[in-house]
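The values are calculated or read from the model by the stated rules, or taken from the named source; none is laboratory data. Everything numeric in this text was worked out from a predicted model, so none of it was measured. Neighbour counts run over all protein chains shown; Cβ positions are idealised from the backbone, glycine included. In case anyone asks, the SASA skips ligands and DNA or RNA and just uses the protein heavy atoms, side chains included. Shrake-Rupley method; radii C 1.70, N 1.55, O 1.52, S 1.80 Å.
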Amino acid sequence: MSTEQSNPDSLIGASVRRVEDPPLLTGKGCYVDDVKLPGILHVAIHRSTHPHARILSVDTAEAAAMPGVECVLTGDDIGDLVLRTPMVAPGMNMPDHPILARGAVHAVGAPIAAVVAESAAAAQDAAASIQVTYDSLPVVTDAEAALEDGSPLAHEELDTNFCYSMKREGGDVDKAFAEADHICRLHMKSPRVVAMSMEARGVLAQPDPARNELTVWLSTQGPHRARADLANSLGFPENRIRVIAPDVGGGFGSKGCVYREDVLVCHLAQKLGRPVKWMATRNEDFLTTCQGRDQAMTSELALSKDGKMLGLKVRVVANLGAYLHSATAGPPQRMLVMAPGCYQLQDVRVEIVGAFTNTVPTGPYRGAGRPESVLNIERLADKAARDLGMDPLELRRKNYIQPDQFPYRTGVGVEYDSGDYEKSLSEALRLSDYDQMIRDRDEARQRGELVGVGISTFTEPSGGAGFESGAVRVERTGQITVLTGSSSHGQGHETVWAQVAADKLKVPMENVVVRHGDTTAVQQGTGTFGSRSAVMGGGALATAADRVIAKAKAIAGNLMEASPDDVVQTEGGFAVAGVPERNVNWRQVAGAAYAKGTPAGMDPGLNETAFFDPNREAWGFGAHVALVRIDPDTGELTIEKLVLVDDIGVVLNPMIVEAQVHGGLAQGLGEALCEHMVFDENGQPRTGTLMDYAVPRASTMPPVVVGETETPNPFNPLGVKGVGEAGTNGAPPAVANAVMDALSPLGIDHVDMPYTAPKLWRAIREAGKG
Amino acid sequence: MEHPALPINVTVNGKARAAEVEPRLLLVHFLRENLGLTGTHVGCDTSQCGACTVHVDGLAVKSCTMLAVQADGADVTTIEGMAEGTALHPVQEAFQEQHGLQCGYCTPGMVMTAAHLLETNPEPDDDAIKHALEGNLCRCTGYINIVKAIRWAADQMRGQHASS
Amino acid sequence: MHPASFGYHAPRSLVEAFGLLREHGEDAKVLAGGHSLLPAMKLRLTQPEVLVDLRHVSGLSGIRVDGDTLVIGALTTHTEVSTAEAVRRSLPGLADTASVIGDLQVRNRGTMGGSVAHADPAADLPVTLTALDASFVLTSSEGERTVAADEFFVDFFTTALEPHEILTAIRIPLPPSPARTSYAKLPHPASGYVVVSAAAALSVDDAGACTAARVVLGGVAGTPHRATAAEAALTGQELTPEVMTAAAAQAADGIDPHADSYADEDYKRHMAVVYARRAIEAAAARA
């Protein structure tokens, strides 16, 4: 195994190559669709072509008679089976979420009938033959429009499109605004985007009627939570369900919840007594998997004339889509804690409102409310600087929370653990040769070229949402098994957790095996999302490892007839302090642990589990700088330089961390440059395939410089913060600010992402007219 | 309406395979379902993503956009046929060495396209690599390490030629 | 997605293929590389009863020079076209076109004949082949006829091909050296298909005057669009930057492009001018 590390004694901080890779590289990975069971039945679903309609009739007769078809079910056949989701706000309006439509559909793609057949092709043939008659109803697709008086209703059954609202306020906002010299106002929308994990969603359920058990292979980011959600929706005992997350081909937040098809497939398997599988087609994935962003933000920033931020008001209107999944209401709530960004803002009012529309439900997608929040405050900071005629760097520096102020409680009542925003900013300016870049921009501007420089400096929370578990089991032979509730879907947990465990226990990494993604093998867990794994899974694992080491020291002391206080860790085992020849290795300690070798009063075994919850999020931060050029003739945007400096505390594996930044960046750039899920005014998706919806390709990626600073997290056993969403959160605002800087000579104030060529061309043309 | 199965003979990863297949069976499903070679993945319906890329008679093609009957008589190589025993193909090795994969779903297609590129152009620059990857989507890596890996593999393969 | 069920025939000769087409009539579709047809079948946008695969019919593939004409077999792949020395040398605009179709894998399977017969208004080859004044050899049991590109493309996905005919070859007149042909394309960021594209073929005499010009736009109509005003503005002129810009400015005359989710009509109209200029300039710069 090759490694590159600064401290050769430590595996933490080493760019260890991934242990996950060999099977994935040789075609031996095992994703849901690769699981082969005898007698599998396949499901295809007939879906609504209408965004909002009453269903008048569903004719399944031809489908049921087709060769290979086992059965066809409609909503009436499966009765009251619904997707149960938690109420997250008091008084929240919650529309029915039946597994198959009953009476009405509220979005294109809503499932109406399911065909079960001997092959996927036969199921698709039959599903295509089903005839549905509809009575069309009025449609609303825009969240702000949905909240206006007289708007069409997304659900006739509810007398409103309002779902929920939340507010947070600190300080005296009205006073701050009354005393301000200037109020900077901005209205913007974050584009609706699609997670588009390369593996579409899929589920395979195998019933065991004799034992009354159910095994489910699910492409999920959190098998334990999925198991509980399935149990709740199915009314089947959680402890009789085994959920296996095999290799998972990406999720980016969208595979964090259970979907209707998951419940449906489990139900069908139990009903038919055979294994049943459904794999989403790409089009189905577009129409049914929770999409991201789609928030409208209306903000006011109160400032003194010398650029001091005095107060902030933000109102978010979030498009929730047609139905609520378990985390649909989650992303907008990020603004409640993130609105002030890196700035000393005590007088803050944030209000969020969620609205229903006849579109695909939204939910967490890489960043999950963070990118919107960062975009909001960083665009405001830039526009405020422009309004006041100030350098955007100077305005930011004037308002940064200073290093000696941490832990810092913001106006929305959240405590940031640590930060040094000037440090990451200066590093980004250094790496980008900022002053030269500004000179070059000014010269280009003299020549009439549209060139712009933009920065974003941001802080982002990671590691929230409940607990995570980790267990370290020293087997009888001294081999180490790690069990983590933080199941991976591509991030490299098997490698990093092995690094952490091996580093803690001072054993070779090869002696450590990491198990995850199986509710039967692993104690309870939460899963991988929200940049939480290093913080939460790492924290749990480190805690469990410390407990195992403490117990092992006691056992080692017993074996060496020394006080545990005199036992020290050595490479591969333990020794008496100062007497290295008195030593035992892990094999001996483990042997004793399982064979009456523990000290009196101590339980046998060497297996410790930790449930970790620091009750606070970890606030990473960073500074991103972009240099862009726009061709005025075509509107084509070129990112000529992009520098990303992220501070995520202690880095466990630099190779993996940098790649997480790359991936987050690509998705952020997708949002900034090309990705946009569009519904027309009739509620029809216009970008429901990869023929229409543009995800970044290799050629989309600009030259990128990734830098880092390291400010350890004082509230985490490993000193870490999350990284998975850094590129997604920080880069788009830097690009947006650069684009607006480039367009500023034309008097253009704001353009919403994505910055497609036709959109920028139109903005330039209309500015010319003005 | 059902149509009769047709006989095909395909050499897959060096092994002769005979089968009777429905005309509509796509090559990717023949590989995955009939032969159990599940390393070739399906990521879209519109020939965009490239996760299903295999080599047919030495050319990288999308096995989701080819009928199994069109492969009758052809020589097909899938990701499972790239390593020789336990020795990874240089492109596979490069993807591990340069961390060119995360979730791994696009990886088999990426490897097959990259291997084809290096056969036709042993010294591609970054633009040539990016152009060759136009038909392969990845959602995890931002392509940065994939491009690096292909460059690294090219260097390795040229080194091997020079030393042999 | 699985295509709907169909019957499949791989005839060994054109005669056998004609028999199958006669037998099945409109229910049959001819299969070449399959890169236009199979994606549509997978989405069940088209559901032919029978496919007649030409893969075993010999003589339909390859590139040869026949006097002052380049003849390209219908089953020649885009990769073969884009890399063939004869094409690169004599018709660089065609090589450039073939090299930006779809992606590497698509070019390895997709065929020139398949693309032309499919007549997708967002395809590349029809644009360039119209600029090159290509003609298409349509063969049937009754013999063969040759139809010029200007007449071949009839409407969206509609050509002069009769159901009983097979497109067997593409004939392109070889221009005098240096071959001033080019292709400039604005690809859709998702599909890679044409948003707007332009192909140009220019002839220039020893005195530097343009003696003939064909400028064709893609993506702006149901068929490749001859920018005749631009052509007229170039003909008889010395190809100065001013002349080329002025000619390109007339490229959008008379076009009525359709908006899509990516680009509106105004943008396409403007891009028609931009890409016509790029194509004209690139063609003029060939030497």
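The relative contact order of chain C, computed from alpha carbon pairs under 8 Å that lie at least 6 residues apart in sequence, is 15 percent. I'd like the carbon and sulfur percentage of the solvent accessible area for chain A, probe radius 1.4 Å, heavy atoms only, ligands and nucleic acids excluded. That fraction is 48 percent.
Projected onto their three principal axes, the Cα atoms of the range B:13-158 cover extents of 42, 31, 25 Å, largest first.
Chains B and A together bury roughly 4100 Å² of accessible area, counting both sides, with a 1.4 Å probe on protein heavy atoms only.
Going 7 Å from the Cα of A:Thr298 toward and past its Cβ, which residues in the range A:353-367 have a backbone nitrogen under 17 Å from where you end up? It comes to A:353-356, nothing else. Summed over the residues of chain A and divided among them, the accessible surface reaches 33 Å² per residue at a probe radius of 1.4 Å. Taking every pair of alpha-carbon atoms in chain A, give the share separated by more than 41 Å as a whole percent. Of all Cα-Cα distances in chain A, 36 percent exceed 41 Å.
The order of the peptides A:140-152, A:318-330, A:505-517, A:663-675 by mean Cβ neighbours within 10 Å, most packed first, is A:663-675, A:318-330, A:505-517, A:140-152. Screening chain B for whole DSSP H helices of 15 Å or more along their axis (Cα) with average Kyte-Doolittle hydropathy at least -0.5 returns B:107-120, B:144-163. Which distance in Å, rounded to a whole number, links the C-alpha centroids of the range A:418-472 and the range A:349-410? Rounded to whole Å, the Cα centres lie 14 Å apart. The charge dipole of chain C, taken about its Cα centre with unit charges on the Cβ of Lys, Arg, Asp and Glu (plus for the first two, minus for the last two), comes to roughly 780 debye. Hey, with R₀ at 51 Å, roughly what FRET efficiency would A:Asp546 and A:Gln131 work out to, going by the Cβ-Cβ distance, to 0.05? According to the calculation, E is roughly 0.20. Counting only residues at least eight positions apart within a chain, or on another chain, the lysines with an alpha carbon under 22 Å from that of C:Lys268 are A:Lys759, A:Lys769, C:Lys185.
Spin-label model, A:Cys71 to A:Ile183: label points 7 Å out along the Cα-to-beta-carbon direction sit 6.2 nm apart. Fully extending the segment from C:Thr211 to C:Thr245, taken as 0.36 nm per residue of separation minus the present Cα-Cα distance, adds 10.5 nm. Over 25 Å apart at the Cα level, from the set A:Lys551/A:Lys596; A:Lys175/A:Lys305; A:Lys383/B:Lys130; B:Lys62/C:Lys29; A:Lys28/A:Lys277; A:Lys175/A:Lys383, are A:Lys383/B:Lys130. The tail of the calculated P(r) for chain C beyond 30 Å holds 29 percent of all Cα-Cα pairs. Helix-only mean residue ellipticity at 222 nm, chain A, DSSP H runs n ≥ 4 weighted -39,500 (n - 2.57), per residue, nearest 500. What is it? Value at 222 nm, helices only: -8500 deg cm²/dmol.
Sorting the segments A:398-410, A:65-77, C:116-128, A:422-434 by their residues' average number of neighbouring beta-carbon atoms within 10 angstrom, most packed first, yields C:116-128, A:422-434, A:65-77, A:398-410. Note on A:Met602 and A:Leu393: their simple-model spin labels are 5.7 nm apart, each label 7 Å out from Cα toward Cβ.
The residues of the range C:63-173 have, on average, 34 Å² of accessible surface per residue, using a 1.4 Å probe with all protein chains present. About its Cα centre, the protein assembly as shown has a charge dipole of approximately 1860 debye under the convention of +1 per Lys or Arg Cβ and -1 per Asp or Glu Cβ, with nothing else charged.
Shape index of the range A:69-164: Rg/Rh, with Rg the Cα radius of gyration and Rh the Kirkwood radius from the inverse mean 1/r over Cα pairs, equals 1.05. Per-residue mean of foreign Cβ neighbours for B:74-83 is 2 (Cβ atoms of other chains, 10 Å radius).
Protection proxy ranking, highest mean first, for peptides C:26-32, C:281-287: C:26-32, C:281-287, where packing is the per-residue count of other beta-carbon atoms within 10 Å, averaged. With a Förster radius of 30 Å applied to the beta-carbon distance between B:Lys15 and C:Gln47, the computed FRET efficiency rounds to 0.30. Residues of the range A:671-705 with the amide nitrogen closer than 19 Å to a label point 7 Å from the Cα of A:Asp433, along Cα-to-Cβ, please. Inside the label zone: A:702-705. Rounded to 0.05, the FRET efficiency of the A:Asp752 and A:Thr160 pair, given R0 = 30 Å and the Cβ-Cβ distance, is 0.65. Interface burial in the range B:27-54 reaches 20 Å² or more for B:His29, B:Arg32, B:Glu33, B:Thr38, B:His41, B:Gly43, B:Cys44, B:Asp45, B:Thr46, B:Ser47, B:Gln48, comparing the full protein assembly with the chain by itself; accessible area from heavy atoms with a 1.4 Å probe.
A simple charge model with +1 on the Cβ of Lys and Arg, -1 on the Cβ of Asp and Glu and nothing else charged puts the dipole of the range B:64-162 at about 300 debye relative to its Cα centre. Calculated over the range B:6-81, the projected area of the Cα convex hull averaged across directions stands at 4.3 nm². A straight chain from C:Glu265 to C:Phe156 at 0.36 nm per residue would run longer than the Cα-Cα distance by 37.5 nm.
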